[in-house]
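Chemist: Handing you this structure, nothing more for now.
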């Protein structure tokens, strides 16, 4: 799903067990103002059945950036946020700016243990877990977002690989290595907020946005607001580039 306008390209990275279709409402709100790509990560969507690895996920995002001209704002939610952070650290020349949503919890410790347990259950009964996920999306989210979450198919069988892969990432070191502008965006009620101040401190050029009343997925419930936030970030990156003629490397 791409457009051909001249605005800064944007690559959206999806969460665990869903696919790039989860971003459909936001992409529709952006319209033709920015070129957009919504790649499926390994093991998800059209790539269901492939093993998930963090290097493979980073490669998928980098390839999407290259298809849009070689430099883009990268925005991801949950798993997508961790993958976006890893991509920014590995390919700072390709990632013009980073928007990491719902992913400011260190992927180890008590929270990691909870998700490892849930992952084992999802892998043991993947089709049942897929049906439960689809039901949850339909009933917990606005209709358009709930349908978009499941439109590309669900793949709960990949969750253990995802959890294991994300545990290998040091997001604080990755953020510290990335010189460009970072937007950390969380819902007020999101359990993945727990380490947000540590994540912010790790950024060379970071800012934290907390959306009142929102949870982990309902952060996306107002697609127009999300699109506006993304376009505002893209405008900041583009303005800095125009002023300097090079990608921003502003420090804290």
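The values are calculated or read from the model by the stated rules, or taken from the named source; none is laboratory data. This structure is a prediction, so every number in the text was calculated from the model and none was measured. Heads up, the Cβs are rebuilt from the backbone with ideal geometry, glycines too, and the neighbour counts pull from every protein chain shown.
Chemist: So, in segment 37-53, of the ones that are outside any loop (DSSP other than H, G, I, E, B) and without any contact (Cβ under 8 Å) to a residue 40 or more places away in the chain, which residue ends up farthest from residue 19 (Cα to Cα)?
Modeler: Across segment 37-53, the extreme among qualifying residues is 37.
Chemist: What number of residues within segment 67-112 are farther than 21 Å from residue 216 by Cα and surrounded by fewer than 24 Cβ atoms within 10 Å (Cβ to Cβ)?
Modeler: Going through segment 67-112 one residue at a time, the tally reaches 11.
Chemist: Can you tell me which residues in segment 194-243 are more than 20 Å from residue 74 (Cβ to Cβ), free of Cβ contacts under 8 Å to residues at least 60 places away in the same chain and touching a helix residue (DSSP H, G or I) at 6+ places or on another chain (Cβ under 8 Å)?
Modeler: 210
Residue-wise test of (1) modelled with pLDDT of 90 or more; (2) closer than 16 Å to residue 43 by Cα.
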| site | (1), (2) |
| --- | --- |
| 97 | yes, no |
| 100 | yes, no |
| 108 | no, no |
| 115 | no, no |
| 123 | no, yes |
| 153 | yes, yes |
| 159 | yes, yes |
| 178 | yes, no |
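Chemist: Any idea which of (1) under 20 Å from residue 84 (Cβ atoms); (2) surrounded by fewer than 18 Cβ atoms within 10 Å (Cβ to Cβ); (3) at pLDDT below 95 is the one residue 173 doesn't satisfy?
Modeler: (3)
Chemist: Would you check if there is a residue in segment 45-65 being modelled with pLDDT of 90 or more and at positive phi?
Modeler: Yes - at least one qualifying residue is present in segment 45-65.
Chemist: Determine whether segment 142-159 contains at least one residue that is without any contact (Cβ under 8 Å) to a residue 12 or more places away in the chain, in contact with a helix residue (DSSP H, G or I) (Cβ under 7 Å, 6 or more places away or on another chain) and buried (at least 18 other Cβ atoms within 10 Å of the Cβ).
Modeler: Checked against the condition, which is being without any contact (Cβ under 8 Å) to a residue 12 or more places away in the chain, in contact with a helix residue (DSSP H, G or I) (Cβ under 7 Å, 6 or more places away or on another chain) and buried (at least 18 other Cβ atoms within 10 Å of the Cβ), segment 142-159 yields at least one hit.
Chemist: Okay, next question. Which condition breaks for residue 108 when tested against (1) in contact (Cβ under 8 Å) with a residue 40 or more places away in the chain; (2) closer than 26 Å to residue 173 by Cα; (3) in a loop (DSSP other than H, G, I, E, B); (4) in contact with a helix residue (DSSP H, G or I) (Cβ under 8 Å, 6 or more places away or on another chain)?
Modeler: Going through the list (1) in contact (Cβ under 8 Å) with a residue 40 or more places away in the chain; (2) closer than 26 Å to residue 173 by Cα; (3) in a loop (DSSP other than H, G, I, E, B); (4) in contact with a helix residue (DSSP H, G or I) (Cβ under 8 Å, 6 or more places away or on another chain), residue 108 breaks only (4).
Chemist: Just need a number here: residues in segment 125-141 that are touching a helix residue (DSSP H, G or I) at 6+ places or on another chain (Cβ under 6 Å), over 12 Å from residue 217 (Cβ atoms) and either buried (at least 18 other Cβ atoms within 10 Å of the Cβ) or modelled with pLDDT under 85 (or both).
Modeler: Residues flagged as touching a helix residue (DSSP H, G or I) at 6+ places or on another chain (Cβ under 6 Å), over 12 Å from residue 217 (Cβ atoms) and either buried (at least 18 other Cβ atoms within 10 Å of the Cβ) or modelled with pLDDT under 85 (or both) within segment 125-141 amount to 3.
Chemist: Working only within segment 46-59, note down all residues that are over 18 Å from residue 10 (Cβ atoms) and crowded, with 22+ Cβ neighbours inside 10 Å.
Modeler: 52, 54
Chemist: For segment 193-234, which residues satisfy the criterion of being modelled with pLDDT under 95, outside any loop (DSSP other than H, G, I, E, B) and crowded, with 22+ Cβ neighbours inside 10 Å?
Modeler: Matches in segment 193-234: 219, 220.
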